[in-house]
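Engineer: My questions all concern the structure below.
Coordinate-derived values only; no laboratory data. Treat the numbers as computed from the prediction; the structure is a model and nothing was measured. Note that we place each Cβ from the backbone using ideal geometry, even for glycine, and neighbour counts take in every protein chain shown.
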Amino acid sequence: MFLSNTTIKEYIQKGKIMIVGNFEIEPNGISMHLGNDLLLPRPYQIIDSHNPKDIEYVKYNLTQNPYVLKPNDFVLGSTKEIVKTDKDILTLIDGRSTYARFGMSIHISAMVLDGLPFNGESSVLEIKNMGLFNILLHPGDKLGTYLFSQLTTPIDGEKSSVYTNQNTVTPPKFE
């Protein structure tokens with residue numbers, strides 16, 4: 001069961017959903033905005049999960065200039081919002097339809113945010129331009145929505161991750 005704006009407001013007041021930063025409540029979620037930095041991968045590096053090495057990225061500050069996301073470009077970004085929930089709330093991200101109609105995706109596979117509810121963190125976005133347009137990315141752009149779903153029972157146990165408590169754009173890490 002997905003939570004409505006009424007339940008989201010109630011859960012924020014009770015502390016079951018915690019959001020750091022300015023936020024907008026939508027009818028079925030919380031607006032998600034692009035943070036200030038991007039990571040631009042250096043092209044043609046080899047990824048080997050059996051012999052992991054750090055991947056090289058160039059950090060791009062959006063507050064100095066917007067970034068032109070060209071067709072077939074891929075970058076990592078993060079949200080301005082930092083979210084934490086109780087263990088009986090599942091958090092998902094949903095991309096914005098307007099950007100999707102231009103060919104841009106903000107999450108390639110990780111729709112469920114598995115770092116939540118265990119940590120308060122920003123969400124790293126896998127931003128890909130599959131369209132034919134150059135798309136300007138600005139800090140604070142509304143890129144999607146956080147959706148919340150009520151679990152039947154709270155999650156049992158704790159979880160640790162290489163991404164625990166991330167509060168900015170974070171590169172991938174093999175465990």
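Engineer: Let me know the volume per residue of the alpha-carbon convex hull for the chain, in Å³.
Structural biologist: On the way: hull volume 21.0 nm³, N = 175.
For the chain, the hull spanned by Cα atoms encloses 120 Å³ per residue.
Engineer: Applying a 10 Å radius around every beta-carbon, put 144-154, 44-54, 119-129, 83-93 in order of their mean neighbour count, most first.
Structural biologist: Per-residue mean Cβ counts within 10 Å order the peptides as 119-129, 83-93, 144-154, 44-54.
Engineer: Hey, what number do you get for the chain at 222 nm if only DSSP H runs of n ≥ 4 count, each worth -39500 (n - 2.57), divided across all residues, to the nearest 500?
Structural biologist: Values: 2 runs with 15 residues, N = 175.
So the calculated ellipticity at 222 nm is -2000 deg cm²/dmol.
Engineer: Treating only the Cβ atoms of Lys and Arg (+1) and Asp and Glu (-1) as charged, compute the dipole magnitude of the chain about its Cα centre; round to the nearest 20 debye. Don't skip to the answer; put the middle values down first.
Structural biologist: Details: 16 positive and 19 negative charges, 72 e Å.
Roughly 340 debye, rounded to the nearest 20.
Engineer: Still on this structure: Hey, could you get me the Stokes-Einstein D for region 25-71, Kirkwood radius over alpha-carbon pairs, 25 °C and 0.890 mPa s, rounded to whole µm² s⁻¹?
Structural biologist: Numbers: Rh = 13.9 Å.
D = 177 µm²/s.
Engineer: Of Pro52, Phe23, Leu34, which is farthest along the charge dipole of region 1-55 in the positive direction, counting Lys and Arg as +1 and Asp and Glu as -1 at C-beta?
Structural biologist: Phe23
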